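A.B. asks: Here you go, one structure.
The values are calculated or read from the model by the stated rules, or taken from the named source; none is laboratory data. Keep in mind the model is a prediction, meaning the values are calculated, not measured. Don't worry about glycine lacking a Cβ; one is built from the backbone with ideal geometry, like all the others, and counts go over all protein chains shown. For accessibility, only protein heavy atoms count, side chains too; no ligands or nucleic acids. Shrake-Rupley method; radii C 1.70, N 1.55, O 1.52, S 1.80 Å.
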Amino acid sequence: MKQDHLIIFDTTLRDGEQSPGASMTREEKVRIARQLERMRVDVIEAGFPAASNGDFESVKAVADAIKDSTVCGLARALERDIQRAGEALRGARSARIHTFIATSAIHMEKKLRMSPDQVIEQAVKAVKWARQYTDNVEFSPEDAGRSDPDFLCRVLEAVIDAGAGTLNIPDTVGYSMPGQFGELIRDLRNRIPNADKAVFSVHCHNDLGLAVANSLAAVLNGARQVECTINGLGERAGNAALEEVVMAVRTRQDVFGCETRIDATQIMPASRLVSGITGFAVQPNKAIVGANAFAHESGIHQDGVLKHRETYEIMRAEDVGWSANKMVLGKHSGRNAFRTRLTELGIELGSEEALNAAFARFKELADKKHDIFDEDLQALVSDEAAANTLELFKLVSLKVCSETGEIPSARVVIAENGLEKDGSAIGSGPVDAAFRALESIVNSGAELQLYSVNNITTGTDAQGEVTVRLSKGGRIVNGQGSDTDIVVASAKAYLHALNKLHSKLERAHPQV
Ligand code: KIV
Ligand code: ZN
């Protein structure tokens, strides 16, 4: 039987970025967008172009880079917002404008101070403005979960007539219950006379832990687009997790009767990339992408899985991109093998110079670490991309002394704009000492908000991937670094964050 297509609309780069501390640079957004494209996401919401020049530039960069997914920009129902979105998306092979206005009584009265009729009029104008830039227009009645269904029917009928092809029903504050939300979708589809001219979409927040359940209830009632994010990132408690929605629909095709075009083997690389860039660690028991998602602890379960995998497993770890830590390359592997494996992993480096630089780093790593796994290659390329951006400060060397009963100390040499400088400090541990030594040179005055270390593969020779979050003057940045030596990885991550902070400070006060 032919299954319906369920459109996967990823909003990691827009709603996901609204998580406090998850802000991303333009280059990071492009890197994530490329991974989403590789995963075959249908629509990538790249940002909110009218929010700031930085947002505009990021949406434009994603629109220019992505070929196989539709790129979408968010806009309030205001002419200027829509114009900015239209301009940012000009280079996209396939562009969508997503415009929204609130429809719940509380939002209309207290926030917009508009009457219901004014809201309908504004919504219709917004869709018509957006249609001047693209015929792919999505409309959202914000806070639909708490809006009057009769009023929703009026607004939605009017925006379909105005040219909206996708109607997105957001549960903005995560208030709905699955049965109720599913019914709302069914009622809207049944009651709106021109409902067959639009695709119904849902966008659920996770305040009560029901974002995925509500999204799936909507799919059962005819929604054919789900808005979601990698690892469930997003405003407050987050959005529906893409990996959970996709794997639920795939694993239970008997229930949903629809399918996505997602390449699920790209889920784990996407999850790692997003958590590395944002510094939002994935909880170990998180479905699909948590470290324990496929680990069996109890003897009875282990015995069952060994006898017949399906006794306790409903999905295969490798189908969602968990690799079996297969040794792929080693010290003696050549440039060609390296390039071939990157291509197999879907990683394009863009130029011969970038390939050569990554290969040189691979050789350095292979000298320190005997077995190089796929995850090491992914981290190495991410680290290279991180280091290549905005490089004002670069780590030259680091020496740390840590001995039982002694105070740890660090001496670090960095190049600042090519000029070598050194600093020393003591600290409560080697990482603390290294950060203090860096600060003795840079004097950034930034506050350390988050420090986290993850092992990329297993074993004590694994690379550590460090995320450092710094804040200064209300700005927050995340830096990443990886190395087999976690103190070195930490220093790289700290410098990466400082480089980003510096470029953000410069952007805020441009020198004319
Ligand atoms: O949660 C929400 O209502 C939104 C809209 C802009 C779709 O993010
Ligand atoms: Zn949202």
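A.B. asks: Let me know the Rg and Dmax you get for region 72-123 when you use only its Cα atoms, in Å.
C.D. replies: Calculated on Cα positions, Rg and Dmax stand at 13.1, 39 Å.
A.B. asks: Okay, moving on. Only Lys, Arg, Asp and Glu count, each charged at its Cβ (+1, +1, -1, -1), so figure out the dipole size of region 54-178 about its Cα centre, rounded to 20 debye.
C.D. replies: With only Lys, Arg, Asp and Glu charged at Cβ, the dipole is about 320 debye.
A.B. asks: Accessible surface of residue 175 in the full protein assembly, 1.4 angstrom probe, to the nearest 10 Å²?
C.D. replies: Near enough 140 Å² of accessible area.
A.B. asks: Can you give the accessible area of residue 131 in Å² (nearest 10), computed on protein heavy atoms with a 1.4 Å probe?
C.D. replies: Solvent-accessible area, nearest 10 Å²: 100 Å².
A.B. asks: What is the extension gain from residue 316 to residue 461, computed as 0.36 nm multiplied by their sequence separation minus the C-alpha to C-alpha distance, in nm to one decimal?
C.D. replies: 49.5 nm
A.B. asks: Considering only protein heavy atoms and a 1.4 Å probe, what is the carbon-and-sulfur percentage of the accessible area of region 179-235?
C.D. replies: 45
A.B. asks: Moving on. I'd like the Kirkwood hydrodynamic radius of the chain, using the inverse of the mean 1/r over distinct C-alpha pairs, in Å.
C.D. replies: Result for the chain stands at 24.3 Å.
A.B. asks: So for region 1-151, averaging the separation of alpha carbon pairs under 8 Å that are six or more residues apart and normalising by length, what relative contact order in percent results?
C.D. replies: Value for region 1-151: 18 percent.
A.B. asks: At a 1.4 Å probe radius, which order do 500, 197 fall into by accessible area, largest first?
C.D. replies: Ranked from most to least accessible, the order is 197, 500.
A.B. asks: Can you compute the modelled spin-label distance between residue 419 and residue 113, with each label point 7 Å from Cα toward Cβ, in nm?
C.D. replies: With each label placed 7 Å out from Cα toward Cβ, I get 5.3 nm.
A.B. asks: Using a Förster distance of 35 angstrom, determine the FRET efficiency expected from the C-beta separation of residue 449 and residue 295, and round it to 0.05.
C.D. replies: Once the sixth-power term is evaluated, E becomes 0.70.
A.B. asks: If the label point is 7 Å along Cα→Cβ of residue 331, which residues in region 352-381 have backbone nitrogen under 17 Å from it?
C.D. replies: Output list for this probe position: 360-373.
A.B. asks: What is the Å³ per residue value for the convex hull set by the Cα atoms of region 298-437?
C.D. replies: Roughly 192 Å³ of hull volume per residue.
A.B. asks: While we're here: Ratio of Rg to Rh for region 24-148, alpha carbon only, Kirkwood?
C.D. replies: Radius of gyration over Kirkwood radius for region 24-148 works out to 1.02.
A.B. asks: Note down the accessible area of residue 309, probe 1.4 Å, to the nearest 10 Å².
C.D. replies: For residue 309, solvent-accessible area is about 70 Å².
A.B. asks: I've got another one for you. Roughly what percent of Cα-Cα pairs across region 1-92 reach past 21 Å?
C.D. replies: 27
A.B. asks: Now for a separate question. Tell me the per residue accessible area of the chain using a 1.4 Å probe; a whole number in Å² is fine.
C.D. replies: 44
A.B. asks: Just the Cα atoms of region 363-485, one point each, no solvent: what log10 I(q)/I(0) does Debye give at q = 0.11, 0.15 Å⁻¹?
C.D. replies: -0.42, -0.81
A.B. asks: While we're here: Got the relative contact order for region 168-272 handy, in percent, Cα pairs under 8 Å and 6 or more residues apart?
C.D. replies: 24
A.B. asks: I'd like the Kirkwood hydrodynamic radius of region 1-55, using the inverse of the mean 1/r over distinct C-alpha pairs, in Å.
C.D. replies: It is 12.3 Å.
A.B. asks: As a check on your grasp of the helix formula, calculate [θ] at 222 nm for the chain: sum -39500 (n - 2.57) over DSSP H runs of n ≥ 4, divide by the residue count, round to the nearest 500.
C.D. replies: -12500 deg cm²/dmol
A.B. asks: Sticking with this one: Of 363/394; 110/197; 111/472; 394/472; 286/369; 369/421, which sit over 25 Å apart, Cα to Cα?
C.D. replies: Check vs 25 Å cut-off fails for 110/197; 111/472; 286/369; 369/421.
A.B. asks: Let me ask you something else. With every atom except the alpha carbons ignored, what do you get for Rg and Dmax of region 343-386, in angstroms?
C.D. replies: Using the Cα atoms of region 343-386, the pair Rg, Dmax is 10.1, 28 Å.
A.B. asks: Continuing with this model, one more query. Using a simple charge model, +1 on the beta-carbon of Lys and Arg, -1 on the beta-carbon of Asp and Glu, nothing else, what dipole does the chain show about its Cα centre, in debye to the nearest 20?
C.D. replies: Magnitude of the dipole: close to 720 debye.
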